[in-house]
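I have placed the structure first, in the form of structure tokens, so that the comments after it can refer back to it.
The values are calculated or read from the model by the stated rules, or taken from the named source; none is laboratory data. Source: prediction; values computed, not measured. Please note: Cβ atoms are built from the backbone with ideal geometry, for glycine as well, and neighbour counts cover all protein chains shown. The accessibility values were calculated without ligands, DNA or RNA, using every heavy atom of the protein model including side chains. Shrake-Rupley method; radii C 1.70, N 1.55, O 1.52, S 1.80 Å.
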Amino acid sequence: MTMLRTLLWFVAAAVAMLAAVWLAERPGKVTAEWHGWRLDTSAGVLLIVLVVLIALCIGGWLLYRWIVGAPFALLEGWGESRKKRGYRALTQGLAAVAAGDGVEAQRHARKAEQLLAEPPITLLLSAQAAQLAGDRDGANRAFTAMLEDEHTAFLGLRGLITQALREGDQAKALGYAERAFKLRPQTPWVVHSLFDMQAQTGQWKAAQDTLDTGVRRKVVTADRGRILKALLLVERSRTAEQDRHSADALMLAREAFTLAPERIAVTRRFAELLVKAGDAKRAQKTIERGWALAPHPDLARLYLEAAGESDPLKRIGVVRRLVAHNENDSESHLALAQASLEANLWGEARRHLEIAGGTSPSARVCRLMAEVEERAGTEQAKVHEWLARAADAPADRAWRCAACSAQHESWRSVCESCGAFGTLQWRAPGTYGHVLPPEVRAELEFAGKPAQVSLPR
Ligand SMILES: [Zn+2]
């Protein structure tokens, strides 16, 4: 660039020089007459005078501009510096928020608000600063003011939801979440917050609608949506039963089972209602399918109830028929051990417990072993040994929350500890719940498809 400019200067200088030489070689004369005045000069001098005149005109114009424009320029400069100071205050305020200094942030926020005529951006800072400084009313005021502007309304709602949740006002938070969901149903945190709040307050149908939108907008994966929907249907089935709509209850439970038979709570719910409806055969078929995917002691109990067998020896046969669908799972051996124990078949009970326990028997296995030895009349030392082992044994499978690891006595859809929905799994600590083999998963996803398509639009 510099090279080019230098070159152009050289060219211009050369042209000027050539022109001067050309004029000098042709010393023409110019004569002008006007009202008795007479001017005699050469063409070169006239040209120089013309150039000087033009330069003087330009200079005069610039001087005029400088004198007349000065006051405005001063004002402009002042405004500029006001804006500059405003933005500096804003930057410092944001930095204070990031550093967690609420008081400092509030000081800068006030300054920025005075200097800048841009409410959206200063309001956000004011709200965050107030929130940080623990100024609840200030934060609420700023977030509410943000609702006025369409560009900041969503952000304002987010702040208000956080505020309401901090104050423990669930109804208010839910109201704001519903408004945010209407504004932007494609934003993940909106879908998740609204869904959680609706589930926590037992609004199962509303939660299902939110979930459907989430799946449609790809905020929730199809697989996760399928499982959550099944669990919501379980809850709706319970509510229907409480309201004495047993036909609806059964229908909802069946729909849940078609969606997610690998969920113990789903299988249990459907089988339970089938037993109540007197359809023992179908109840057994349901449990057998559920056992193959995810066995659980409650399912074994329900299976025996459906079979209606009271003879202890024959009950072993019933359990054997069930566990044939998932022979190698430790729950299968534990179920057989339990049935053998009730039929006083000590050797059989011991054998299954040994298989279930493997190299490091769990507390449940140790306790059952102690019971077997006790009832079999073995020496007390052996019983005590098993009970002592139970104290140090690795923890058993239990209903554990996948989000917070809290343990629950029985299954529930909402974790009592962290409030998450559908996170309780029957598993040992530090392990996954039942993980389905890929082919079963693919089959379920395929089976789940029609339900996804027929969602209300
Ligand atoms: Zn939890």
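Laid out as a table, the results:
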quantity	calculated
Scan of the range 396-428 for residues that are more than 17 Å from Ala230 (Cα to Cα), near the ligand (Cβ under 10 Å from one of its atoms), assigned to a loop (DSSP other than H, G, I, E, B) and not small (Gly, Ala, Ser), ordered by number	Cys404, Glu416, Cys418
Out of Ile287, Ile316, sole residue that is over 43 Å from the mean Cα position of the chain (by Cα) and at pLDDT 95 or above	Ile316
Residue pairs meeting the criteria (Cβ under 7 Å; at least 6 apart or on separate chains; first touching a residue at least 40 places away in the same chain (Cβ under 8 Å) and closer than 15 Å to Arg263 by Cβ, in the range 408-419; second of a type in the set (A, V, I, L, M) and near the ligand (Cβ under 9 Å from one of its atoms))	Trp411/Leu424
Residue that is farthest from Leu123 (Cα to Cα) [pool: residues in the range 146-162 that are assigned to a helix (DSSP H, G or I) and open to solvent by less than 40 Å² (accessible area, probe 1.4 Å)]	Ile161
Ala393 more than 13 Å from the ligand (Cβ to nearest atom) and either open to solvent by less than 20 Å² (accessible area, probe 1.4 Å) or of a type outside the set (Ser, Thr, Tyr) (or both)	yes
Set Ala171, Ala206, Ala130: member being open to solvent by less than 20 Å² (accessible area, probe 1.4 Å), out of contact with any strand residue (DSSP E or B) (no Cβ under 9 Å at 6 or more places or on another chain) and either basic (Lys, Arg) or in a helix (DSSP H, G or I) (or both)	Ala130
Some residue of the range 178-198 being in contact with a Ser or Thr (Cβ under 6 Å, 6 or more places away or on another chain), closer than 19 Å to Arg141 by Cα and buried (at least 17 other Cβ atoms within 10 Å of the Cβ)	no
Residue count for the range 282-331, restricted to those that are farther than 17 Å from Ala253 by Cβ, among the small types (Gly, Ala, Ser) and touching a Pro at 6+ places or on another chain (Cβ under 6 Å)	0
Residue that is modelled with the highest pLDDT, among those in the range 415-443 that are of a type in the set (Val, Ile, Thr) and open to solvent by 30 Å² or more (accessible area, probe 1.4 Å)	Thr431
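Let's see how each residue does on (1) part of a loop (DSSP other than H, G, I, E, B); (2) within 29 Å of Thr258 (Cα to Cα):
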residue	(1), (2)
Ala164	no, no
Arg179	no, no
Lys218	yes, yes
Val234	no, yes
